[in-house]
Amino acid sequence: MNTLAHPRFATRSLPIRVPRVCVALVGADPGEMIEKAESLVRENPFFEFRLDYLRDPAAGVTKIRRFLEMHPEAICVATCRRAVNGGKFKGSAASELSVLNKAAAAGFQFVDIELETAQALKLSEYEHLRSRVGVILSHHDFKATKKLDETFDRMRVFVADFYKLISTATRLHDNVVMMKFIEDKSHHHSMVGMCMGEQGLMSRLLSLRAGSVFTFAAASPGEETAPGQIAFRTLRDVYRIDQVDAATRVYGVAGDPVSHSLSPLVMNTAFRRENVNAVYLALHAKDLDDLIQCVRDIPISGLSITMPYKESIVEYLDGTDEVTQRVGACNTVVRAQNGKLFGFNTDVAGIVGPLQQRTALEGAKVLVIGAGGAARAAVFGLKERGAEVFIMNRTPAPAQKLAKQAKAKYIARADLKKHLFEAIVHATPVGMNGERTSPLRPEEIRAKYVFELVYSEPETALVKMAQAAKAQVISGTEMFVTQAVRQFEIWTGKPAPVADMQNVVHQAIQMRARSRVTPSTNGHSKLNGTGSKTAARSPVKRALEKARK
Ligand code: NAP
């Protein structure tokens, strides 16, 4: 056999076309890493073996060699990052070099070497390594996104196959900074770049179209090797990373916090089903100036707005629909071709729509519990349809104020028994976190319909009470899906795939509830902490995987 023609030995003479996603593999031993690589190699034959996670990285290389021989189609990177650079390897730069040389001899096509290690070596040692294997010269900043050009100037002293700069996003706009940097440098160099952290999601996906040759993913949820890393199948199935290109429109849900929002799941499902070239991201915005700058620079075509920005976003908009003006809150933003921002409120339709389908609202007596954002949408929307609206709230003053603004009525709890309602709309967070408390006592449920806006639980205490009282229950998912359907239609002009959106949300909520309380081996139920593997596997991601099957 002509060994030079063998792909494993061809790395120095032929440029390798690498897939868009490199899956980072960790494990307690090489066998575990190999098992994960075997399970993914047909789907995505590009791996980073994190040798620094192994007790004996050099011995690990010997074992992984067999995988490399069995899978000449796989492109594999060996990384043995030292602890000083954010890895787990406790050895010196010289020991790291020794492991990487061994990896080169074993048939890895690339090694990842940190700038500081390269600087600690003799140039001849670095050049010798590079003569044997492709080199990804990398730099990680675990605190911020700054001095990218200065860092790159230090990296350019070394010739490398890829220059990889990974920073940390402390605000959304750091993603723009990173992507502009990558765009600029990728004209002359093979670049890889993205931001870590929850706020770095945008660059993990979009830096590819700025010129980053590839991005990284975890093998599965809970196995992330860097903050904010996404599991490979989520990146492929939820965010459709293979299809992200220059024409892909970007949307997102902006709030603080947003990590538990189901909107990315439901919207990406809808985009995929309707073949819309768009991606929808969770945007953890610490402030609105940061968000709006990103909307303009990326640009972002549309936003869902959630707590706490539904009211404060209005002053950033160039125009709004009438409902937004009346309610004083916006949950949907559209960026027009000329860059102008327009606001809509689809929460109102999310509440009024499901009620209207069941009963006539003209003259109907409706009790709204709560006086916050969701209650505002309910009160104004119901008044608009001619309902007689009563507002009850834990704190009387905001309810009285809202009643005055909307020409509705304030009602004290003690007076509830004097009324029979057509519907009760519950708009407080009571019951949201699985707690067994209800905003009403059983005897206070004197209505034909109970609309439970809380949608994080399949069955709240209020829902159970309402069922016992023979009231018909309307679930919060109906509001959630209805408002999302409207958003989809406003953004795309297409009818939304309602059934798919409903299914994926139902599944995610069921899974979330199941994963919250897991029976332990000693027979007692326990709440999952964030450190547990079950908790780390996001129900949102699992629901989507299930929906695709
Ligand atoms: P918000 O603006 O923060 O308003 C919260 C309201 O709930 C206030 O009136 C507050 O009363 C009351 N409240 C808070 N904690 C309470 C407690 N422990 N006991 C009694 N009342 C309490 O929130 P929001 O945006 O209106 O959201 C309210 C709920 O609606 C959320 O929990 C969410 O689950 C649900 N929601 C659902 C959807 C959907 O699509 N299904 C959409 C939006 C909202 P005070 O004035 O006394 O503080």
Dipole magnitude (debye, nearest 20) for region 21-241, charges at Cβ of Lys, Arg, Asp, Glu: 120 debye
Can you give the local net charge around residue 102? Use residues other than it whose beta-carbon is closer than 13 angstrom to its beta-carbon, Lys and Arg +1, Asp and Glu -1. +1
What's the extension gain from residue 448 to residue 105 if we count 0.36 nm per residue and subtract their Cα-Cα distance? 116.0 nm
Applying a 10 Å radius around every beta-carbon, put 28-41, 448-461 in order of their mean neighbour count, most first. 448-461, 28-41
Dimensionless Rg/Rh of region 280-389, both radii on Cα and Rh by Kirkwood, sits at 1.04
What's the FRET efficiency of residue 84 with residue 153 using the Cβ-Cβ distance as r and R₀ = 30 Å, to the nearest 0.05? 0.90
How much of the DSSP beta bridge set in the chain is antiparallel, as a percent to the nearest 5? 15 percent
Express in nm, to one decimal, how much length is gained between residue 119 and residue 494 on full extension, taking 0.36 nm for each residue of separation and deducting their alpha carbon distance. 129.5 nm
Determine the gain in length on full extension of the stretch residue 245-residue 198; use 0.36 nm per residue of separation and subtract their C-alpha separation, reporting nm with one decimal. 14.7 nm
The chain: Kirkwood hydrodynamic radius (Cα pairs, Å) comes out at 25.7 Å
How large is the helix-only mean residue ellipticity at 222 nm for the chain, computed as the sum of -39500 (n - 2.57) over DSSP H runs with n ≥ 4, divided by its residue count, in deg cm²/dmol to the nearest 500? -11500 deg cm²/dmol
So what's the gap between the Cα centers of region 380-440 and region 284-299, to the nearest angstrom? 34 Å
Placing +1 on the Cβ of each Lys and Arg and -1 on the Cβ of each Asp and Glu in the chain, which of 40, 113, 370 has its Cα farthest towards the positive end of the resulting dipole? 370
Here the FRET efficiency for residue 470 versus residue 413, based on Cβ atoms and R0 = 22 Å and rounded to 0.05, is 0.50
Return the distance in nm (one decimal) between the two label points of a simple spin-label model at residue 259 and residue 184, each offset 7 Å from Cα along Cα→Cβ. 3.2 nm
About its Cα centre, how strong a charge dipole does the chain have in debye, to the nearest 20, once Lys and Arg get +1 and Asp and Glu get -1 at the Cβ? 1100 debye
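Every read-out reported here was derived from the displayed coordinates using simple, explicitly stated rules and does not represent laboratory data. A quick note: this is a predicted structure, and the numbers were derived from the prediction, not measured. Glycine gets a Cβ as well: all are built from the backbone with ideal geometry, and neighbour counts include every protein chain shown.
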